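Reviewing the structure listed below.
The values are calculated or read from the model by the stated rules, or taken from the named source; none is laboratory data. Predicted model, so just to flag it, every value in this text is computed and none were measured. Note that we place each Cβ from the backbone using ideal geometry, even for glycine, and neighbour counts take in every protein chain shown.
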Amino acid sequence: MKDIDIRISGQAGRITLNRPKALNALTDGMCHAIAAALVSWRNDPAVALVIIDAVGDRAFCAGGDIAELYATGIKGDYQYGRDFWREEYRMNAMLFGYPKPVVSLKQGFIMGGGVGIGCHGSHRIVGETSRIAMPECGIGLIPDVGGTFILARAPGRLGEYLGITGARLDAGDAIYAGFADHFVAQEKWPDLISQLESTGDVDLIQGVEETAPTGSLAPLHADIDRHFAGESLGDILNTLRAEDSDFARKALKTLGRNSALSMACTIEALHRLRSPTLDIRKALEMEYRYTWRAMEHGDFLEGVRATIVDKTHDATWQYSDMNVPAVAVSKMLMPLGKDKLTFDTKETTMKIGFIGLGNMGAPMAANLAKSGYDVTGFDMADVSVEGANMAETAVEAVTGADVVFTMLPNGAILRAVAADIIPAMANGATLVDCSTVDVDSALAVAEQAEAAKILFVDAPVSGGTVGASGGTLTFMAGGTAKAFAKAEPMFDIMGQKAVHCGDAGAGQAAKICNNMILGATMIATCEAFALADKLGLDRQKMFNVVSTSSGYSWSMNAYCPAPGIGPESPADNDYTPGFAADLMLKDLRLSQQAAKSANADTPMGALAEKLYAQFVEDEDGAGRDFSAMLPRFEKRSHS
Ligand code: NAD
């Protein structure tokens, strides 16, 4: 196809937009060609990554080719547009969830449809001439092609501002707002592309990237947050009108040119989407509600006439007084019922295998499934996980998976499971072990994975069962940058933070140190409560003081071992484990093994290990939560 050049070059699947005279505007045919290429490269071992670029200096892609949409729509045929948008959005979702790295290099204008192709991959590169914008409200649409996904996640109120003003972003601004990841000087692009083709290694980008020149957005951020925080378009306009400043005047002038209905719906869509469970498919589905109705009930045809066909810029918008009733917004964003945008999960969804669905694994897997991943789980025990398929064996769960997670009790079990599943995993798939195990087991599995051409990350977690259900875990990861990058989007769903600590094994090292602190602080917290009891100090008062004084800790503030005090914790459930004392003993033993082999002096860790060993092995700690140290101390006296 002459408008787009699709080929395999070296290890790269290559997509080059080739309509420079039309600013590489995206046609129906180009969308289909991109989608077909992505499907065929998905399981092709010859393709390690996808690179998207465009011919010409002026634009990477200045938007969708709306001439045909207009020509059909003006005759009352709305179906052509609905079909076009549906296929385009499906392709956008495919790019976002693609199981291989997608590198895009974007010069000149990147608008509308161009954002959909260039701003959803894993490595989004911009250069000196890049200018990104979502100006859809100027033609009676709302930001689409997954633009609302990026806008809803932009810091502060940048999303609302960029979405309704259509302001242009240079490279620095684009990185600041979340539309791009890397700035690479454009003269380096040809060489970078040929190296990516020959090595398939996206880590090369880090070697050539530079700090982007500072853009103009950051200095405006405070003004933007102040003026664009309102519930509705009306609130935003009122705030701007109430201030006599250059910023407010300029913003009002820009907004005055756009469709009020589009702007009001953009604000509402962003507010509805902005939540921790946001994913690109939710955003696209919301956008499609609008675009499906845009020709018949919105301002789209009039907007295209005035801006692109007649170029008179005299659109007669609905609600020209800018007062858009809430009911008009609701009507445009109402669910579409049988016409709802759906996705072919086989093509757009990353497949995840999850082995070990206990206290931690089950809620983690459920969060991945909730976010739209296709999760297949396996556990020796008879368990089920909401939203996930259950396999009969571990091998069945990992067959065909792009990423496999393990969340198992210890290193010996991990080694046995890894020996079973690694031969069944696809070449180039990623294995992420989130269990807490000894560094040697992590390294042994990493070695085995590498030999089988599988990426490996050891990524133990902190945050307990509450963090696992709430998606607020911290991941401490060891492995190559490439492996970490592959797992990072899933860490973002299951956690609030992921730290790449270094090479394989570094995650476990961080975890062992963290849990040595946790074991010691839990003991200290429990013995302090027992002492407080004996001193006649009320437990709630003790909590009120310590939780805001220098004795505070996670054990006290988030996981209080005293029943009825602080946020709900296993103490409130008769010490049924969130985190079992047996597992804490395991971690403390790991810390002492590590301290011995590294020749480190860790007397508090050693004492904590001794106390948990006594509690679990000689007393009644086995099978109880690790915070059940408190009833243990209650029963004891000073010796
Ligand atoms: P858990 O005992 O509740 O879950 C482990 C699961 O693994 C069980 O459901 C078990 O049936 C399954 N399993 C065991 N062997 C298996 C095999 N061969 N194949 C498939 N499944 C198998 O333990 P958990 O609390 O979920 O902890 C899991 C890991 O996470 C541990 O390494 C632990 O140290 C770590 N961790 C736990 C917490 C916590 O608060 N619970 C916090 C951080 C880290």
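Which of the strands (runs of 3 or more DSSP E) contained wholly in the stretch 1-114 include at least 3 residues that are more than 21 Å from Ala426 (Cα to Cα) and among the hydrophobic types (A, V, I, L, M, F, W, C)? Please lay out each step first, then the result.
Details: elements: 4-9, 12-17, 49-54, 59-61, 102-106, 109-111.
Where strands (runs of 3 or more DSSP E) fall fully within the stretch 1-114 and carry at least 3 residues being more than 21 Å from Ala426 (Cα to Cα) and among the hydrophobic types (A, V, I, L, M, F, W, C), they are 49-54, 59-61, 109-111.
Yes or no: the stretch 339-355 includes at least one residue that is more than 14 Å from the ligand (Cβ to nearest atom), buried (at least 24 other Cβ atoms within 10 Å of the Cβ), among the small types (Gly, Ala, Ser) and in contact (Cβ under 8 Å) with a residue 12 or more places away in the chain.
No, there is no match, as no residue in the stretch 339-355 is more than 14 Å from the ligand (Cβ to nearest atom), buried (at least 24 other Cβ atoms within 10 Å of the Cβ), among the small types (Gly, Ala, Ser) and in contact (Cβ under 8 Å) with a residue 12 or more places away in the chain.
Out of all the residues in the stretch 400-422, which are within 14 Å of the ligand (Cβ to nearest atom) and surrounded by 22 or more Cβ atoms within 10 Å (Cβ to Cβ)?
Matches in the stretch 400-422: Val404, Phe405, Thr406, Met407, Leu408, Gly411, Leu414, Val417, Ala418, Ile421.
Identify, from the list Ala251, Ala328, Ala315, the residue that is surrounded by 19 or more Cβ atoms within 10 Å (Cβ to Cβ), under 33 Å from the mean Cα position of the chain (by Cα) and either at pLDDT 95 or above or in a helix (DSSP H, G or I) (or both). Give the derivation first.
Details: Ala328 fails: surrounded by 19 or more Cβ atoms within 10 Å (Cβ to Cβ); Ala315 fails: under 33 Å from the mean Cα position of the chain (by Cα).
Going through Ala251, Ala328, Ala315 in turn, the sole match is Ala251.
Is it the case, given these coordinates, that Ala581 is within 26 Å of Leu473 (Cβ to Cβ) and within 16 Å of the ligand (Cβ to nearest atom)? Outline the logic, then answer.
Numbers: within 26 Å of Leu473 (Cβ to Cβ): yes; within 16 Å of the ligand (Cβ to nearest atom): yes.
Judged against the criteria, Ala581 is a match.
Taking the criterion of being within 13 Å of the ligand (Cβ to nearest atom), farther than 30 Å from Ser637 by Cβ and in contact (Cβ under 8 Å) with a residue 24 or more places away in the chain, would at least one residue in the stretch 483-502 satisfy it?
Initially, the stretch 483-502 is screened for residues within 13 Å of the ligand (Cβ to nearest atom), giving 494-495.
Still in the running and farther than 30 Å from Ser637 by Cβ: 494-495.
Subset that is in contact (Cβ under 8 Å) with a residue 24 or more places away in the chain: 494-495.
Yes, because at least one residue in the stretch 483-502 is within 13 Å of the ligand (Cβ to nearest atom), farther than 30 Å from Ser637 by Cβ and in contact (Cβ under 8 Å) with a residue 24 or more places away in the chain.
Would you check if there is a residue in the stretch 259-281 being of a type in the set (Lys, Arg), touching a Phe, Trp or Tyr at 6+ places or on another chain (Cβ under 8 Å) and modelled with pLDDT under 95?
Within the stretch 259-281, one or more residues are of a type in the set (Lys, Arg), touching a Phe, Trp or Tyr at 6+ places or on another chain (Cβ under 8 Å) and modelled with pLDDT under 95.
Please go through the stretch 423-436 and give me each residue that is within 14 Å of the ligand (Cβ to nearest atom), β-branched (Val, Ile, Thr) and either farther than 16 Å from Met476 by Cα or modelled with pLDDT of 95 or more (or both), ordered by number.
Correct list: Val432 only.
Quick one: is Thr239 hydroxyl-bearing (Ser, Thr, Tyr) and free of Cβ contacts under 8 Å to residues at least 24 places away in the same chain? Steps first, please.
Numbers: hydroxyl-bearing (Ser, Thr, Tyr): yes; free of Cβ contacts under 8 Å to residues at least 24 places away in the same chain: yes.
The answer is yes for Thr239.
All but one of (1) in contact with a Phe, Trp or Tyr (Cβ under 6 Å, 6 or more places away or on another chain); (2) in contact (Cβ under 8 Å) with a residue 60 or more places away in the chain hold for Ala171; which doesn't?
Among (1) in contact with a Phe, Trp or Tyr (Cβ under 6 Å, 6 or more places away or on another chain); (2) in contact (Cβ under 8 Å) with a residue 60 or more places away in the chain, Ala171 violates only (2).
Report whether or not Phe60 is farther than 11 Å from Leu26 by Cβ and over 24 Å from the mean Cα position of the chain (by Cα).
Numbers: farther than 11 Å from Leu26 by Cβ: no; over 24 Å from the mean Cα position of the chain (by Cα): yes.
No.
Residues in the stretch 544-562 that are surrounded by 14 or more Cβ atoms within 10 Å (Cβ to Cβ) and more than 21 Å from Ser637 (Cα to Cα): how many?
Start the filter on the stretch 544-562 by keeping residues that are surrounded by 14 or more Cβ atoms within 10 Å (Cβ to Cβ), which leaves 546-547, 551-562.
Next, only the ones that are more than 21 Å from Ser637 (Cα to Cα) stay: 546-547, 551-560.
Selection size over the stretch 544-562: 12.
In the stretch 154-163, is there at least one residue being surrounded by 24 or more Cβ atoms within 10 Å (Cβ to Cβ) and over 25 Å from Leu233 (Cβ atoms)?
No - not one qualifying residue is present in the stretch 154-163.
Looking at the structure I just gave you, is Gly118 crowded, with 18+ Cβ neighbours inside 10 Å and modelled with pLDDT under 90?
On the way: crowded, with 18+ Cβ neighbours inside 10 Å: yes; modelled with pLDDT under 90: no.
Taking the combined requirement at face value, the residue does not satisfy it.
If I ask for residues that are of a type outside the set (Ser, Thr, Tyr) and within 21 Å of Gly467 (Cβ to Cβ), which ones from the stretch 586-629 would you list? Can you show your working first?
First, the residues of the stretch 586-629 that are of a type outside the set (Ser, Thr, Tyr): 586-590, 592-596, 598-601, 603-611, 613-626, 628-629.
The answer is Lys586, Asp587, Leu588, Leu590, Arg624, Asp625, Phe626, Ala628, Met629.
Has the stretch 444-455 got any residue that is out of contact with any strand residue (DSSP E or B) (no Cβ under 6 Å at 6 or more places or on another chain), within 30 Å of Ala595 (Cβ to Cβ), within 11 Å of the ligand (Cβ to nearest atom) and not assigned by TED's automatic domain parsing to the domain that holds Ala595? Steps first, answer last, please.
Within the stretch 444-455, the subset out of contact with any strand residue (DSSP E or B) (no Cβ under 6 Å at 6 or more places or on another chain) is 444-445, 447-448, 450-453.
Checking which are within 30 Å of Ala595 (Cβ to Cβ) leaves us with 444-445, 447-448, 450.
Restricting the remaining residues to those that are within 11 Å of the ligand (Cβ to nearest atom) gives none.
No, there is no match, as no residue in the stretch 444-455 is out of contact with any strand residue (DSSP E or B) (no Cβ under 6 Å at 6 or more places or on another chain), within 30 Å of Ala595 (Cβ to Cβ), within 11 Å of the ligand (Cβ to nearest atom) and not assigned by TED's automatic domain parsing to the domain that holds Ala595.
Among helices (runs of 4 or more DSSP H) lying entirely in the stretch 451-543, which contain 2 or more residues that are more than 21 Å from the chain's Cα centre (by Cα) and surrounded by 17 or more Cβ atoms within 10 Å (Cβ to Cβ)? Even if it seems obvious, please write down each step before you answer.
On the way: elements: 464-470, 481-494, 506-534.
By residue number, 506-534.
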